[in-house]
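Participant: Below you'll find the structure I mean.
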Amino acid sequence: MTLMETVDAPFDQQAAEAFSAQLMETINAGAVTVMVSLGHRLGLFDVMAGGMPAASADIAAKAGLSERYVREWLASMVTGRIVDYDAATGRYALPPERAACLVRGAPLGNSAVYAQVPTIMGAIQDQIMACFRTGDGTRYDDYPCFHQFMSEDTEQTVVAGLFEHILPLAPDLEARLDRGIDVMDAGCGSGGALVALAARFPASRFTGYDLCPDALANGEAAAWQAGVSNVAFQVRDLTGYDESERFDLITSFDAIHDQKHPQQLVRGIHGALRDGGVYLVQDIGGSARLENNMDFPMAAMLYAISCNHCMPISLGQGGEGLGTMWGWETAERMLREAGFRSVERSVLPHDPLNVWFVARK
């Protein structure tokens, strides 16, 4: 029996051919994405950001790279419609409208940062396949360059808007930070947000907890470079977190859903806040219901990240494996069940991927 004979409805040859073409475009775009990641990590987009046409040898020399490799990379970028090529002169150019989302410090945000996601997933694919068969999970150090990627993501989604967009979600916070309060970041990673806050509010005291020593080493280096002494980092597994009324502000940025037991941690955070304390939470803003995410930005990538990282990281700790798309509804319910007296949810106009909660004790 053939495939066409097993389907009750008549086989639509035109629809099948259209999907085949769509799939090949997706695969081609995936290859371009990998090459965008390569260009980002090697700094090639940055050296081309001036927009002036240049030969491959000049681009390679400016980047300190092999011309032959750069020329082949450029060919992928040209056929991927990212870099322009003048066949008459043999010169390549990155138009400013494209550089606006491809270089470090780009005005529209550096989208090339997220091109690293497929390469990270590819590097761990064999291990994830084994997890499919066994139901086991993974560890943070299984993922190459993960902390570098998360640091770049945090710089764009949190640090860049911290003072203009994020702190104003709780209008009293800035004045309290100015006077001096105790602050903790749960799952702080490389500590970019904490270092920025510590530099801005020298009267306050900042503590970062994270499971990964290599990420915290990056945070300590960043604090030293910024010349701040009011921030400290500590390796700490937040499973069973229990401190009593120690902090006035606790933050977590894209960190709760991949914990072993998220609800338990949220309860622990509630207990660690003093009366009147604030818990400021950022997480992915998708819904807990798959059908509600059909038009959510980058939903397919977010579910892929969930399957390859966030869910197995939690399962690897013996946790629940809620995944990246655990849903804003789940997060809000956990905050309310933890005992916070008020929970306010916001989505920033310039950042539709994330949801923000201000929970007050």
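None of the figures in this text is laboratory data; all of them are computed from the coordinates on show. Keep in mind the model is a prediction, meaning the values are calculated, not measured. Here the Cβ positions follow ideal geometry from the backbone for every residue, glycine too, while neighbour counts run over all protein chains shown.
Participant: So what J values fall out for region 266-277 if you push phi through Karplus, 6.51 cos²θ - 1.76 cosθ + 1.60 with θ = phi - 60°, rounded to Hz, Gly and Pro as x?
Facilitator: 4, 5, x, 5, 4, x, 7, 8, 6, 4, x, x
Participant: Ok, one more. At 7 Å along Cα-to-Cβ for each site, give me the label-to-label distance between Arg200 and Arg81 in nm.
Facilitator: The answer from the label model is 3.9 nm.
Participant: Related question: Considering the options Ala9, Leu65, Gly105, tell which one lies farthest towards the positive end of the dipole of the chain, charges being +1 on Lys and Arg and -1 on Asp and Glu at the Cβ, about the Cα centre.
Facilitator: Of the candidates, Gly105 comes out farthest on the positive side.
Participant: While we're on this one: Between Rg and the Kirkwood Rh of region 124-245, both from Cα atoms, what is the Rg to Rh ratio?
Facilitator: Taking Rg over the Kirkwood Rh, I get 1.04.
Participant: Report relative contact order for region 3-104 in percent, whole number only (criteria: Cα-Cα under 8 Å, sequence separation at least 6). Please report the intermediate quantities before stating the final value.
Facilitator: On the way: 88 pairs, mean separation 28.3, N = 102.
28 percent.
Participant: Taking other Cβ within 10 Å of each residue's Cβ, how do Arg98, Arg274 sort, fewest first?
Facilitator: Final ranking by Cβ density, sparse to dense: Arg274, Arg98.
Participant: What does a probe at Asp136 reach in region 296-326, counting residues whose amide N is under 18 Å from the point 7 Å along Cα→Cβ?
Facilitator: 308-321
Participant: For region 3-104, give the magnitude of the charge dipole about the Cα centre (Cβ charges: +1 Lys/Arg, -1 Asp/Glu; no others), in debye to the nearest 20.
Facilitator: With only Lys, Arg, Asp and Glu charged at Cβ, the dipole is about 740 debye.
Participant: Modelled label-to-label distance, Ser20 and Leu65, 7 Å Cα→beta-carbon offset: nm?
Facilitator: About 3.5 nm separates the two model spin labels.
Participant: Among Ile82, Gln148, Leu169, pick out the residue whose Cα is farthest towards the positive end of the charge dipole of region 57-191, where Lys and Arg carry +1 and Asp and Glu carry -1 on C-beta, about the Cα centre.
Facilitator: Ile82
Participant: If you don't mind, another one. How would Tyr69, Tyr303, Tyr279 line up from fewest to most surrounding beta-carbon atoms within 10 angstrom?
Facilitator: Details: Tyr69 13, Tyr303 18, Tyr279 26.
Ranking Tyr69, Tyr303, Tyr279 by Cβ neighbours within 10 Å, fewest first, gives Tyr69, Tyr303, Tyr279.
Participant: So, one more: For Glu337 and Ala288 in one chain, what is 0.36 nm times their gap in residues minus the Cα-Cα distance, to one decimal in nm?
Facilitator: Additional length available on full extension: 15.9 nm.
Participant: Let me ask something else about it. Work out how far the C-alpha atoms of the chain reach from end to end along every principal axis, then list the three figures in whole Å, largest first.
Facilitator: 68, 59, 35
Participant: Taking amide H atoms as placed 1.01 Å from N in the peptide plane, list the residues 5 or more away in sequence, or in a different chain, whose amide H sits under 5 Å from that of Arg91.
Facilitator: Asp86
Participant: Ser204's amide H: which non-local residues (gap 5+, or another chain) put their own amide H closer than 5 Å, with H modeled 1.01 Å from N in plane and none for Pro or chain starts?
Facilitator: Long-range HN contacts for Ser204: Ile181.
Participant: Charges only on Cβ, +1 for Lys and Arg, -1 for Asp and Glu: so what's the dipole of the chain about the Cα centre, in debye to the nearest 20?
Facilitator: I would put it at about 700 debye.
Participant: Moving to a separate point now. What are the residues whose amide H is under 5 Å from the amide H of Met184, where those residues sit 5 or more places off or on another chain and H is modelled from the backbone?
Facilitator: Here the answer is Thr207, Leu249, Ile250, Thr251, since their amide H atoms fall under 5 Å of that of Met184.
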